[in-house]
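The values are calculated or read from the model by the stated rules, or taken from the named source; none is laboratory data. The structure presented is a predicted model; accordingly, all values stated were derived computationally and were not measured. Cβ coordinates were reconstructed from backbone atoms using ideal geometry, including for glycine residues, and neighbour counts include every protein chain displayed. The protein model used for the area step is the full one, side chains on, heavy atoms only, and it has no ligands, DNA or RNA in it. Shrake-Rupley method; radii C 1.70, N 1.55, O 1.52, S 1.80 Å.
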Amino acid sequence: MKKVSVFDEAKFTDLTFHSFLVHDSEHFKIINFNFKAGQHMPVHSHEIEGQLTIVVLSGEGEFLSEDDAIPCKTGDVLVSDIAEPHGVRAVTDMRVLVTIAPPI
């Protein structure tokens with residue numbers, strides 16, 4: 001077992017979003033991203049199989065795709081293939097937790 005307090009460990013920075021690796025194993029990776037209002041993670045994709053989730057821990061913003069922006073708020077979850085273009089834009093200060101699960 002492992003306990004991590006992302007609200008204590010991860011921080012916000014003025015220049016760009018901040019990432020904190022919560023867990024990394026052969027089964028999945030968990031990363032916390034913190035965005036100040038107005039910051040974003042550009043739309044991108046990874047050419048690997050598997051899926052990812054983006055969970056909004058706090059704040060409001062948008063889940064981004066190549067041609068769309070879906071409003072999101074605390075408690076919302078995006079599920080996507082890893083190879084599908086995805087990104088995040090913060091409207092308010094925002095914390096998200098990303099889980100990347102390649103096929104086993």
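When the accessible area of the chain is computed with all protein chains present and a 1.4 Å probe, what percentage of it is carbon and sulfur?
On the way: 3470 of 6330 Å².
Answer for the chain: carbon and sulfur cover 55 percent of the accessible area.
Projecting the Cα positions of V4, Q39, V22 onto the charge dipole of the chain (unit charges on Cβ atoms of Lys, Arg, Asp and Glu, taken about the Cα centre) puts V4 furthest along the positive direction. Accessible surface computed residue by residue for the chain, with neighbouring protein chains in place and a 1.4 Å probe, gives 61 Å² per residue.
For the chain, the number of Lys pairs with C-alpha atoms closer than 23 Å, counting only pairs eight or more positions apart or on separate chains, is 9. Applying 1/(1 + (r/R0)^6) with R0 = 22 Å to the Cβ-Cβ distance of V4 and A83 gives a FRET efficiency near 0.20.
Nearest 20 debye, what's the magnitude of the dipole of the chain about its Cα centre given +1 on Lys and Arg Cβ and -1 on Asp and Glu Cβ? Please list the in-between numbers first.
On the way: 8 positive and 16 negative charges, 109 e Å.
It comes to approximately 520 debye.
Fully extending the segment from F20 to E49, taken as 0.36 nm per residue of separation minus the present Cα-Cα distance, adds 8.1 nm. How large is log10 I(q)/I(0) at q = 0.13 Å⁻¹ when the Debye formula is applied to the Cα atoms of the chain, each weighted equally and without solvent? One equal scatterer on each Cα of the chain leads to -0.43.
Which is the longest run of the chain containing none of the GluC sites (Glu not before Pro) found in DSSP loop states (not H, G, I, E, B) with at most 11 other C-beta atoms within 10 Å? Answer - 67-104.
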